[in-house]
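Scroll down for the structure; my scribbles are underneath it.
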Amino acid sequence: MPALRPCLKVALPLPLPGLFDYWPDSPETAGIDWIGCRVKVPFGSRELVGWVTALGPAQSPEASVKTVAQRIDSTYLGTDEWLQTLRWTAQYYHAPLGEVLHAATPSVLRDGLGLPETCEYQWQLTALGQSQWRSLRKGSTLRAMAELLVKGPCMEAWLKTHRPGWRAVLRKLESRNLVERIAGVPQPVKPDCAAPTLNAEQQSALAAITERQTFAVHLLEGVTGSGKTEVYIHAIEACLAQHKQALVLVPEIGLTPQLLSRLQSRLPVPIHVLHSNLNDTERAHAWAAMASGRGRVLLGTRSAVFTPLPEAGLLIVDEEHDGSYKQQDGFHYHARDVAVVRAKALNVPIVLGSATPSLETLHNALAGRYYRHRIVQRAGTAQPPSIQIGDVRKIRLQHGMGQTLLEGIASCLARGGQALVFKNRRGYAPALLCHDCGYTALCPRCDSALTVHSGQRRLHCHHCGHQKPKPPACPDCGSLALQAQGFGTERLEEGLSAAFPDVPCLRVDGETTRGKNGLAKQLAKLGKHPGILVGTQILAKGHDLPNLQFVGVVGVDEGLYSSDFRAHEKLAQLLIQVSGRAGRSEQPGHVLIQTHHPDHPLLAQLLSGGYPEFATQALLEREQAELPPYGHLALIKAESVHSDVVRAFLEDTCKVLNDIRRDKAMTVHNSGALPAGMPRRAGRYRWQLVLSSASRADLQRLLSAALPAVYALKSARKVRWHLDIDPIDFL
Ligand code: ADP
Ligand code: ZN
Ligand code: ZN
């Protein structure tokens, strides 16, 4: 029998499972040199760009298989490990490989274009420049630039970040034939600032991380300000000394500027950046620099975890517990978990850093799978903050704050310090209520109350973006007694400005920190002067506020009694992170947590033994309840404008799952179709189904067996549905 002619298996960016068959454009035969190359293919009436990821016999009659329209790449752009990790990711998250590739690549590649040139350029003095630079006027910008170049050629990437206005100056010098631009290999640039000497705990963590260059997961657990970043920097230096690449992931764009400037001032190579606030060209450039092996250090958010790293030496995930690592739309993945899998595939060490490790990571460390390094001492002379509970039962509140909290702020300001009031809700107030009839302003499109905003002039929905002016009177009874209920950051700002009129009060939330470096700009307004910051969790993260001496936390009570099994973990992390903002320099810090539940066990645990004590207890509870990290979950969520259609789809899905489960005797629990926590959002009805099992393998096998049938369901075509493996939010 003649061997079957192999065809190309192409991954296309479509929400459909499996690969698609195409013939190579004749007269070539499909060989392994096609794998990893992009092709343009006809699909229905469209032409799509896809990736050839395998070869094999056609799934359908050979005559029905179409031919690729064009082969785009003659050679492979990624690396074997890269494609292998993406395949693993697609399999683990049960996502179409085409969608994974879509998330993993910059738009130029998805559009079928080529990667930009990543050759690095540098500037140097010409022979004429060498002999004549002294004739430039002393103190002029031209002279300063020439003096810099006397020391040696300078990379453009370095100039870009260190010498604003460099291009114009160099063009002037170039027009006088004093300097020239040459393509060149990056020369090490001398870092701007010296490294502090690591303390014993930092040293021992660093020694363990750099001891072997093979795969190992290191949990670097240190309170905020303990000098974790300093350990990262030293570890990256060691990685660079081995001529290897390093990848640093941060949870949010807001955190990149501060870390970027720190890395830039300390490392002798240009730092490439990858996050969603860049334009397509910038993203393509950073991606190409790393993929070509020329780029040495990449600092990026979530999806940067998918960048090819042909010479990888080290991966770092900062604030590893942070929920932003979880992609919640489309192809759902967890960047930290992918990073660990990648480090294994790359056979390099990975560092997970946090003051408040996720229970998953902690569990792995306790089980001996991860190395655990603790930094208990704060770096330098900083002292840990003192934490106190402010019982506000029966206490009269002013602007939502008790007397103790206001006194704390006052005495901090009197010492010349800065105070922070933390409230995890933006806007003026979370609800608008009619005092006469009980009417509450609800979003017409969501099952949710509208938030009062803009000095009580407008109502916003935080879930769908719906906005309208605040009605002058109650729409139900006509009464004028409409009252804002509860407190958001805007209302606290109003109250604090009134209570402390002599100092600036700055609000830091999603609204006031929009735009490039919005947060840094907002914080710069205060500088080191006495003043008050009011803000949401944006402030809880990694920012150095050296003069912050007092932190008041308002409104933790909702998190103490939530139905989400992760609510306590999130709250404990938040409280520790916010507290960590205080007292980062010589001044001691004080933290006051205001609550109506002063005896709640979570608060008691945090107070007596900090996060580790809370975590130990929480792990025990999770074990008893067979919840993650002891049990494993998958969520199938669906939505549609018609409630009955969503329900029908999930009921059909349930049936598919149950039939297979019974057939194969798998120990997976199926919750059945349930309305989501918010049953209607943006006009769409939302239902979900939770699968849980003590065996990850059983859960995976069930999904692998069931999903083809779920995709094929008639009812699946009428809804938007997603599978979320290891879900962290049940909204
Ligand atoms: P983390 O990342 O854990 O929040 P950082 O690395 O940002 O901590 O360190 C907090 C501050 O302490 C920084 O200003 C840093 O420069 C300084 N620092 C870190 N390690 C040392 C050390 N060994 N000696 C002196 N200062 C240090
Ligand atoms: Zn009313
Ligand atoms: Zn809404």
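Every read-out reported here was derived from the displayed coordinates using simple, explicitly stated rules and does not represent laboratory data. This is a predicted model, so every value here is computed, not measured. Methodologically, a virtual Cβ is constructed for each residue, glycine included, from the backbone with ideal geometry; neighbour enumeration extends over all protein chains shown.
When Met666, Met290, Met155, Met678 are arranged by Cβ crowding within 10 Å, least crowded first, meaning fewest neighbours, the order is Met678, Met666, Met155, Met290.
Quick check: from the Cα gyration tensor, does region 533-640 come out rounded (a/c under 1.5), prolate or oblate?
It is prolate, given that a/c is not under 1.5 and a/b is the larger ratio.
Rounded to the nearest 20 debye, what is the charge dipole size of the chain about its Cα centre when +1 sits on each Lys and Arg Cβ and -1 on each Asp and Glu Cβ? Before the final figure, lay out the partial values.
Values: 80 positive and 66 negative charges, 362 e Å.
About 1740 debye.
Here is the short version for the chain: Cys7, Cys37, Cys119, Cys154, Cys193, Cys239, Cys412, Cys464, Cys505, Cys654 have no other Cys C-beta closer than 4.7 Å. Eigen-decomposition of the gyration tensor built on the alpha-carbon atoms of region 219-313 gives equivalent ellipsoid semi-axes of 21, 17, 11 angstrom, largest listed first.
With contacts defined as alpha carbon pairs under 8 Å and 6 or more residues apart, what's the relative contact order of region 211-362 in percent?
Numbers: 270 pairs, mean separation 54.5, N = 152.
Relative contact order here is 36 percent.
Between the alpha-carbon centres of region 522-581 and region 227-304 there is a gap of 26 Å. For Arg720 and Ala200, what does the FRET efficiency come to when R0 = 45 Å and r is the distance between their Cβ atoms, rounded to the nearest 0.05? That gives a FRET efficiency of 0.25. Annotation: average projected area of the chain is 39.2 square nanometres, based on the convex hull of Cα atoms across all directions.
Over all pairs of distinct alpha carbons, what does the Kirkwood formula give as the hydrodynamic radius of region 630-731, in Å?
After inverting the pairwise mean of 1/r, the radius is 13.6 Å.
With both residues required to sit in the chain, DSSP beta bridges show an antiparallel share near 55%. Per q in 0.19 Å⁻¹, report the Debye log10 I(q)/I(0) for region 1-100, using one uniform scatterer on each alpha carbon and no solvent. The Debye formula, applied to the Cα set alone, gives -0.92.
Taking GluC sites (Glu not before Pro) as exposed when their DSSP state is a loop state and no more than 15 other Cβ atoms lie within 10 Å, the longest site-free interval of the chain runs over 118-585.
Which of the three applies to region 394-529, rounded, prolate or oblate, going by the alpha-carbon gyration tensor with a ≥ b ≥ c and a/c under 1.5 meaning rounded?
It comes out oblate by the Cα gyration axes.
Exposure proxy for Cys443, Cys193: other Cβ atoms within 10 Å of each Cβ, ordered fewest to most, give Cys193, Cys443. Checking the cross-link pairs Lys9/Lys66; Lys326/Lys570; Lys470/Lys525; Lys326/Lys664; Lys9/Lys40 against a 22 Å limit on the alpha carbon distance flags Lys470/Lys525; Lys326/Lys664 as lying beyond it. Extent of region 308-368 along its three principal axes (Cα atoms, max minus min coordinate, largest first): 34, 31, 18 Å. Where both bridge residues fall in region 1-82, DSSP classifies roughly 90% of the beta bridges as antiparallel. Seen from Met666, the other residues with C-beta closer than 13 Å to its C-beta sum to a net charge of +2, counting Lys and Arg as +1 and Asp and Glu as -1. Cα-based radius of gyration for region 235-384, normalised by 2.2 N^0.38 Å, reads 1.04. Compactness check for region 411-478: Cα Rg over 2.2 N^0.38 Å is 1.47. Here's the list of aspartates and glutamates a cross-link from Lys655 could span, going by alpha-carbon distance under 13 Å and ignoring same-chain residues fewer than 8 apart: Asp663. Cα convex hull, region 151-269: 139 Å³ per residue, rounded to a whole number. Reducing region 347-371 and region 688-731 to their Cα centroids gives an inter-centroid distance of 27 Å.
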